[in-house]
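Structure record follows, encoded as structure tokens.
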Amino acid sequence: MEHNGYITETEIQGRPDGPLAGRTVAVKDNLSTEGVRTTCGSAMLEAYVPPYDATVVERLKQAGATITGKTNMDEFGMGTTTETSAFGAVENPAAPGRVPGGSSGGSAAVVAAGDADLALGTDTGGSVRCPAAFCGVVGIKPTYGLVSRYGLVAYANSLEQVGPIAPTVTEAAELLEVIAGPDSHDATTHDATDHGTDYEFAAAADGDVDGLTVGVPTELLDGAHEGVREQFRAAIESLESQGVTTQAVSLPSVEHAVEAYYVIAMGEASSNLARYDGVRYGVSGGYDGDWNDSFARSREAGFGEEVKRRVLLGTYALSAGYQDKYYRKAQDARAWVQQDFDAAFESVDVLASPTMPVPPFERGESLDDPLQMYLADANTTPVNLANLPAISVPVGETDGLPVGLQFVGPAFGEKTIIRAGSALS
Amino acid sequence: MTEVRDTPDERGDDPDGDEGVDTGTVAHVAGLARVDLAGDEPERFAAQFEEILGYFETLDEVPEIERDPELTNVMRPDEVTESLDREAALRNASETEDGQFKGPRVS
């Protein structure tokens, strides 16, 4: 609360029994909650009250959870620091004066501060893993299609997944069990049992990594901050002492992941955010003029600067004459990243890297330099481009600032990354 | 929303990107995106877009990739099911009339 982690505090009581009975869960404010306003951290949706629940919210209620509120976030998920929210920046409970990471910064902060037992975030290019790493907690980005996106307010549909944030790997896995599984309202969902696995995620957190092979992509380690690399190396040594074999691998494509991610995400955002016209919902100033004038003025008033920047850049990259140059090349890069990961998983079980190449930024540091903020997503965006699962687990501190380690698994390899993560706690 | 008010030759057709980004380009794109800009945003965005788009140009180094997406048929029979009632669907609109959304005049 003192960290500004919630936009709206409330209490939604789930069923009296179920796997989450007696536990509190905070929900990111881009997940629709029937009767409770859902702002996406934007002035545009300050007064928007969804008429239905997101599938993941419905599943929390069925599982007996108590929902404590809607957590603060970068506006529409667009940020790496949770400073672009129209409801003010979130502070990092684990590192005073530093950002909590983003865009699910509120969810990670309330878990780190003990204000909620668990939380849901969403991860489009690292938005669960980055705040988990910066706040010293655990976050999972599931395989694309494992968790329903129905009722998640869209930013970049082809990249995003809802994921759990928790103090421990076991608790994150328990929350994933509740939200995972196919949904007739989201045609992109898959049943994990059709992919050679099951939903026993918590049981996989047994710490038994003897015989596991872990690949370390040199491209995701070389550029990282020295203090982050030290903590990463110590964690790898701990894994080796538990029977893990490690090997260096090369993923040349990931050098282009950040730019491919931003072109695709901004392109999808420019289309998705066209729905905020001030007519069906959103800010309406009762402006004079025709539809186009009124629409443009409503969006000037309702959108913050980072959202405008992304909508404009996405519009530019998709406009006549530029599509081949930006969007098609970005799709090539995405396919290349997918091929690189597929090839790596022929020789290793999981990949490991620092979740973030840097410790948490100082507050305000990146606001005037958007490119610097985008580049911090170097290690997380490849995973979204490749539709793969990943977990961030805390692995100590550098100068008092939390460091996270990320394990990436093959598609529907959640149990393997959960097992690997549990060996570090 | 497919109408394009500005003709392509007015501004911004520079697929090679070597003419840079000026406030005119930003204003053109803002028009296409139907987003008015405030204060010094056109100047600031022009400088930032120049830097960001310059970075995006490293995509030129990406080889052409043979893409073979796994496509699954997700079509299903069209069955009538329960959905939101009209009142609920209209509840967040600032203006409605006769059970419909009311927007500004089209032109």
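Only the coordinates and a few stated rules stand behind these numbers; no lab work does. Remember, predicted model here, so these are calculated numbers, not experimental data. Using ideal geometry, Cβ is built from the backbone for each residue, glycine included, and neighbour counts are taken over all protein chains shown.
Got the relative contact order for region A:340-403 handy, in percent, Cα pairs under 8 Å and 6 or more residues apart?
37
Could I get the Rg over Rh figure for region A:254-334? Both from C-alpha atoms, Rh via Kirkwood, rounded to two places.
Result for region A:254-334 is an Rg/Rh of 1.08.
Expressed as a rounded percentage, what relative contact order does chain A have, with Cα pairs under 8 Å and six or more residues apart?
19
In nm, give the distance between the simple-model label positions of B:Leu71 and A:Asp210, each being 7 Å from the Cα along the Cα-to-Cβ direction.
4.9
Go ahead and run the numbers for FRET between A:Glu200 and B:Glu51, Cβ-Cβ distance against an R0 of 51 Å, rounding to 0.05.
0.60
Can you tell me how region A:1-61 classifies by the Cα gyration tensor, rounded, prolate or oblate, using a/c under 1.5 as the rounded cut?
oblate
Assuming a viscosity of 1.002 mPa s and a temperature of 20 °C, what translational diffusion coefficient in µm² per second does Stokes-Einstein assign to the protein assembly as shown, Rh being the Kirkwood radius over Cα pairs?
Roughly 92 µm²/s, to the nearest whole number.
Please give the FRET efficiency for B:Arg86 paired with A:Glu9, using the beta carbon to beta carbon distance and R0 = 30 Å, rounded to the nearest 0.05.
FRET efficiency, B:Arg86 to A:Glu9: 0.45.
Sort A:Asp210, A:Asp369, A:Asp29 so the one with the fewest other Cβ atoms within 10 Å of its own Cβ comes first.
The most exposed by this proxy come first: A:Asp210, A:Asp369, A:Asp29.
For chain A, what is the calculated [θ] at 222 nm in deg cm²/dmol (nearest 500), taking -39500 (n - 2.57) for each run of four or more DSSP H residues and dividing by its residue count?
Only helices count here, giving -9000 deg cm²/dmol.
Pull out the extension gain between A:His185 and A:Ala248, defined as 0.36 nm times the separation in residues minus the alpha carbon to alpha carbon distance; nm, one decimal.
18.5 nm
Order by neighbour count: B:Glu61, A:Glu230, fewest other Cβ atoms within 10 Å first, most last.
B:Glu61, A:Glu230
Let me test this: with uniform point scatterers at the alpha carbons of region A:288-425, what is the Debye-based log₁₀ I(q)/I(0) at q = 0.11, 0.18, 0.21 1/Å?
So the normalised log intensities are -0.62, -1.13, -1.24.
When the Cα centres of region B:36-100 and region A:33-85 are compared, how far apart do they sit, in Å?
For region B:36-100 versus region A:33-85, the Cα centre distance is 19 Å.
Rank these for me by crowding, A:Met44, A:Met73, going from fewest to most other beta carbons within 10 Å.
Exposure proxy ranking, most exposed first: A:Met44, A:Met73.
Treat every Asp and Glu Cβ in region A:38-138 as -1 and every Lys and Arg Cβ as +1, leave all other atoms uncharged, and give the resulting dipole magnitude about the Cα centre to the nearest 20 debye.
180
Please grab the % of Cα pairs in region A:95-156 that end up more than 14 Å from each other.
So the portion of pairs separated by more than 14 Å is 53 percent.
Just to verify a number: FRET efficiency for A:Arg328 and B:Thr96, C-beta to C-beta distance, R0 = 45 Å, to 0.05?
Working from the Cβ atoms, E equals 0.60.
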